[in-house]
Amino acid sequence: MSKNDVSGFHEKEFKELLRKGIGSRTQQEFATKTGIAPATISRMLNDNGIPCPRIKTLETFAANMVNVSLSELLTACGYQAPDIKDIVIKIESNIDDFFQFKSGELDISGNIEELKNKLLKFLDKDELKFTIKDRKYTEADQTAGFQQVWPSGAENSKIFELTWEYDHYVCKTSFSVYYIETMKGNIILIGSDIAYILHDSDEYVQNTLVKEKKKCTQEARLLHAIFGTENDKTLPETYAGYGFYLDGIPDGFVDFLNKHADTFCYTKENMKLYCRVMNGEPAEEVFAEYWDCNESCMGVCAVISDIMSLETGKGYLYYEPDEKLPKEAQNSCIMERFPYDIVDRIEKEQLKYIYQCARELKIQKFGVVYYHTTIQEETEQLYNLDSFYLC
């Protein structure tokens with residue numbers, strides 16, 4: 001990554017992105033969230049001729065913004081965005097350092113949960129939002145080309161799966177941890193195999209599965225619905241996350257919009273839309289062409305998801321009914337989707353916020369929700385052993 005190039009620093013563009021990323025939060029609230037001094041953020045927003053922010057600062061900002069990406073911040077400041085491969089190498093190297101150099105503290109741990117918590121605390125310095133799961137190694141892993149490298153003396157193993165996001169990528173780093181379990185249920189750590197190449201798949205960078213987030217625009221959805229692929233089959237799929245179900249426009253929407261006007265009216269265009277609703281125009285007509293910050297959905301419910309995302313720094317989205325499903329199976333919701341749709345315990349503060357929104361919108365049920373949708377099976381890439389010919 002290049003060093004600070006002052007000549008490439010676009011101060012005005014950076015300030016606009018910073019204001020957009022802060023959203024409705026106060027400078028003090030954003031400072032608390034990022035751990036950066038309020039005075040520093042104030043200078044960045046208000047002073048002229050400010051020095052170009054460091055890359056580490058931009059990474060911290062991006063990790064606490066929903067509608068501004070790290071790539072946008074880096075470009076505005078004259079930096080070149082790092083390749084995702086470099087980020088993966090750095091993360092896996094830090095994981096290896098944890099097991100290599102913290103061994104004096106980790107030789108005997110209470111249990112696997114304590115070990116996971118220590119690893120997460122150690123990785124906090126990377127300014128990435130990590131979640132971690134553990135599970136047993138199965139025959140399916142072996143079939144998929146996921147290998148284990150057992151160190152001498154180990155008796156048990158657990159697969160650790162770390163899910164994290166960087167810029168427009170979502171990643172899952174998986175490796176095995178090896179240990180001995182004592183009669184009292186404690187573990188004696190032997191080591192990990194993160195330093196080895198464990199996955200036989202082109203989708204992996206070292207031991208990390210890398211997927212690029214894709215924005216589903218209206219045009220893309222329309223083209224896919226019209227053309228698809230001749231032999232494609234539609235299969236059911238379910239997303240899981242925190243939020244609430246919707247059935248049309250919530251009864252309390254206008255009151256909700258009014259209470260959160262400071263959040264929504266961060267642009268002149270949004271202010272005009274807000275005033276039209278407050279003057280009595282139907283919300284459905286006013287927001288008919290309103291796209292959310294991610295350009296993934298539109299309409300009244302996109303307004304709700306935008307407000308929730310801006311106020312919390314989380315990625316709430318509106319999921320509209322999937323018309324490829326039978327009518328009785330269709331549903332819609334606003335939620336922050338779980339990584340890989342694995343249900344986890346909801347944090348108290350997030351639950352409190354969702355409850356408040358549901359109450360204002362007059363939505364009865366909230367919490368963990370499941371969205372019913374579909375996925376296209378690309379049968380053109382399903383091959384027959386007898387007829388397959390590799391050019």
Exercise for review: Amide H neighbours of residue 169 under 5 Å, at least 5 residues apart or on other chains, H built in the peptide plane: list them.
Suggested key: 213
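For every helix of n ≥ 4 consecutive DSSP H residues, a contribution of -39,500 (n - 2.57) applies; sum these over the chain, divide by its total residues, and give [θ] at 222 nm rounded to the nearest 500 deg cm²/dmol.
Details: 16 runs with 146 residues, N = 391.
The helix contribution divided over the chain gives -10500 deg cm²/dmol.
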Exercise for review: Would you work out the relative contact order for the range 280-347, in percent, from Cα pairs under 8 angstrom that are 6 or more residues apart?
Suggested key: 21 percent
**Study point:** q = 0.18, 0.19 Å⁻¹, the range 257-391: log10 I(q)/I(0) [Debye, one scatterer per Cα]
**Key:** -1.11, -1.21
Review point. Amide H to amide H, which residues 5 or more places from residue 9 or on other chains are under 5 Å from it, using H placed in the peptide plane?
Key: none
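Given contacts defined as C-alpha pairs under 8 Å and at least six residues apart, what's the relative contact order of the chain, whole-number percent?
Details: 596 pairs, mean separation 62.0, N = 391.
Value for the chain: 16 percent.
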Exercise for review: With a probe of 1.4 Å, find how much accessible area the chain has per residue, and write the answer as a whole number in Å².
Suggested key: 57 Å²
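Over the chain, consider all pairs of different Cα atoms and compute the Kirkwood hydrodynamic radius from their mean reciprocal separation; express it in Å, one decimal. Present the calculation step by step, with values, prior to reporting the outcome.
Numbers: mean 1/r = 0.0418 Å⁻¹.
Every distinct Cα pair counted, the radius reaches 23.9 Å.
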**Study point:** In sequence order, calculated HN-Hα J values of the range 192-197 (Karplus, 6.51, -1.76, 1.60; Hz; x Gly/Pro)
**Key:** 9, 10, 4, 6, 9, 7
Revision key, fill the gap. The ³J(HN,Hα) series, computed from each phi in the range 313-322 with the Karplus coefficients 6.51, -1.76 and 1.60 at θ = phi - 60°, rounded to the nearest Hz and given as x for glycine or proline, is x, 9, x, 6, 9, 8, 10, 7, x, 8
Practice item. With θ set to phi - 60°, apply the Karplus curve 6.51 cos²θ - 1.76 cosθ + 1.60 along the range 87-92 and write out the HN-Hα couplings as whole Hz, x wherever there is a Gly or Pro. Key: 5, 4, 4, 5, 4, 5
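Using a Förster radius of 35 Å, what is the FRET efficiency between residue 353 and residue 11 based on their Cβ-Cβ separation? Nearest 0.05, please. Let's see the in-between values first.
Working: r = 34 Å, r/R0 = 0.97.
E(calc), rounded to 0.05, equals 0.55.
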**Study point:** Extreme residue, positive dipole direction of the chain, given options 325, 207, 256 (C-beta unit charges)
**Key:** 256
**Study point:** Principal-axis tilt of helix 300-312 within the chain, Cα atoms, nearest 10 degrees
**Key:** 60 degrees
**Study point:** Nearest-10 value in Å² for the accessible area of residue 36, using the 1.4 Å probe
**Key:** 30 Å²
Check your understanding: Roughly what would the spin-label model give for residue 345 and residue 152, points 7 Å off Cα along C-beta, in nm?
Key -> 4.0 nm
**Study point:** Long pairs among 133/324; 121/348; 272/365, criterion Cα-Cα beyond 22 Å
**Key:** 133/324; 272/365
Exercise for review: Return the distance in nm (one decimal) between the two label points of a simple spin-label model at residue 247 and residue 33, each offset 7 Å from Cα along Cα→Cβ.
Suggested key: 3.3 nm
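Would you work out what percent of the accessible area of the chain, with all protein chains in place, is carbon or sulfur (probe 1.4 Å)?
50 percent
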Review point. Toward the positive end of the charge dipole of the chain, about the Cα centre and with charges on Cβ (Lys, Arg +1; Asp, Glu -1), which of 245, 374, 79 goes farthest?
Key: 79
Review point. In 10 Å bins starting at 0, how do the alpha-carbon pair distances of the range 23-125 split up by percent?
Key: 12, 34, 28, 20, 6, 0
Exercise for review: Sum up the charges of everything whose Cβ sits under 12 Å from the Cβ of residue 145, counting Lys and Arg as +1 and Asp and Glu as -1, but leave residue 145 out.
Suggested key: -4
Revision key, fill the gap. Among 358, 307, 288, the residue whose Cα sits farthest towards the positive end of the charge dipole of the range 277-358 (+1 at Cβ of Lys and Arg, -1 at Cβ of Asp and Glu, taken about the Cα centre) is 358
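Work the Kirkwood hydrodynamic radius out for the range 119-205: mean of 1/r over every pair of different alpha-carbon atoms, inverted, in Å.
Numbers: mean 1/r = 0.0698 Å⁻¹.
Evaluated over the range 119-205, this radius sits at 14.3 Å.
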Point to revise | Nearest-20 debye value, the range 15-91 charge dipole, Cβ charges on Lys, Arg, Asp, Glu | key: 140 debye
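The values are calculated or read from the model by the stated rules, or taken from the named source; none is laboratory data. Predicted model only: the values in this text are computed from it and were never measured. Here the Cβ is made from the backbone with ideal geometry for all residues, glycine too, and neighbour counts use every protein chain on show. All accessible areas refer to the heavy atoms of the entire protein, side chains included, with ligands and DNA or RNA removed. Shrake-Rupley method; radii C 1.70, N 1.55, O 1.52, S 1.80 Å.
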